[in-house]
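The numbers here are math on the coordinates, done by the rules we state, and not lab data. All values derive from a computational prediction rather than experimental measurement. Virtual Cβ from ideal backbone geometry, glycine too; neighbours counted across all protein chains shown.
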Amino acid sequence: MILIVVSRYNEDIQWTTQFANVLIYNKGSQLTDTFGHTEIMLDNVGREGHTYCTYIYENYDHLADYTIFLQGRSNDHSPNVISNINAYINNVSLNIGFEFLSEHIVHSSFDLESRINVRCLNIHANYEKVFGTKIENDECIFGAGAQFIISKQSILKHTKEFYKNIVNMLGYTTDPPEGHDIERFHKYIFS
């Protein structure tokens with residue numbers, strides 16, 4: 001089974017009506033129509049990384065075989081996201097660990113990100129907070145917009161407390177700079 005987790009603020013999520021198994025984590029105003037999906041209200045903190053790790057932490061013991069993590073306006077960084085999701089859903093022999101759904105994949109380095117993005121000034125320290133070790137490989141590949149599909153097995157490579165640590169790192173303000181670092185860490189967390 002594939003579950004779609006949507007991190008919503010105040011975006012129009014009517015596009016979700018074409019999918020079953022959608023869970024909406026809402027950090028904005030409560031929806032008047034959930035389009036038949038479950039809506040879970042969250043405080044507006046931590047960007048989408050907080051939402052994704054909250055879902056993982058709270059559902060760690062009963063995850064779907066695959067989870068697709070999306071933002072409320074999913075086509076911003078992924079114009080073909082709907083057809084790409086359908087390709088995954090219709091693939092009866094799906095066998096992946098982690099793949100970006102963002103169509104703009106950035107190939108950079110952690111050093112470069114810390115120099116060019118004012119929100120990533122502490123990316124090295126935040127890497128250590130997340131992984132408990134210094135960055136060994138400076139390669140930084142990430143999907144702009146933080147949208148991806150991941151297998152249950154890939155999520156379970158880390159403990160439940162690992163994800164709670166990220167929730168705590170991000171949960172102190174609406175747009176923490178650490179949220180931009182977490183977006184750059186997804187490949188390394190889940191691959």
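For region 117-179, applying the loop criterion from DSSP together with a ceiling of 12 other beta carbons within 10 Å to the chymotrypsin sites (Phe, Trp or Tyr not before Pro) yields Tyr172. Label zone of Glu11 (point 7 Å out along Cα→Cβ, amide N under 15 Å): in region 101-118 this covers 101-104.
Taking the Cα centre of the chain as reference, the dipole from Cβ charges on Lys and Arg (+1) and Asp and Glu (-1) amounts to some 200 debye.
Name the most mobile residue of Gly36, Gly143, Gly171, meaning the one with the largest mean-square fluctuation, in a Gaussian network model of the chain with Cα contacts below 10 Å. Among Gly36, Gly143, Gly171, the largest GNM mean-square fluctuation belongs to Gly36. Rounded to the nearest 10 degrees, the angle from helix 160-170 to the longest Cα principal axis of the chain is 80 degrees. Given the -39500 (n - 2.57) contribution per DSSP H run of 4+ residues, what per-residue ellipticity at 222 nm results for the chain, rounded to the nearest 500 deg cm²/dmol? Calculated at 222 nm, the ellipticity per residue is -10000 deg cm²/dmol. Please work out the Cα center distance from region 74-136 to region 1-30, rounded to the nearest Å. Cα centroid to Cα centroid, the span is 20 Å.
For a test of understanding, tell me how many lysine pairs in the chain have Cα atoms under 16 Å apart, given they are 8 or more places apart or on different chains.
Eligible lysine pairs with Cα atoms under 16 Å apart amount to 5.
Between helix 177-190 and the chain, what is the angle of the helix's C-alpha long axis to the longest principal axis, kept within 0 to 90° and rounded to the nearest 10? The two axes meet at around 80 degrees. The angle between the Cα long axis of helix 47-59 and the longest principal axis of the Cα atoms of the chain comes to about 70 degrees, rounded to the nearest 10. As a proxy for reagent exposure, ranking Met1, Met169 by other Cβ atoms within 10 Å from fewest up yields Met1, Met169.
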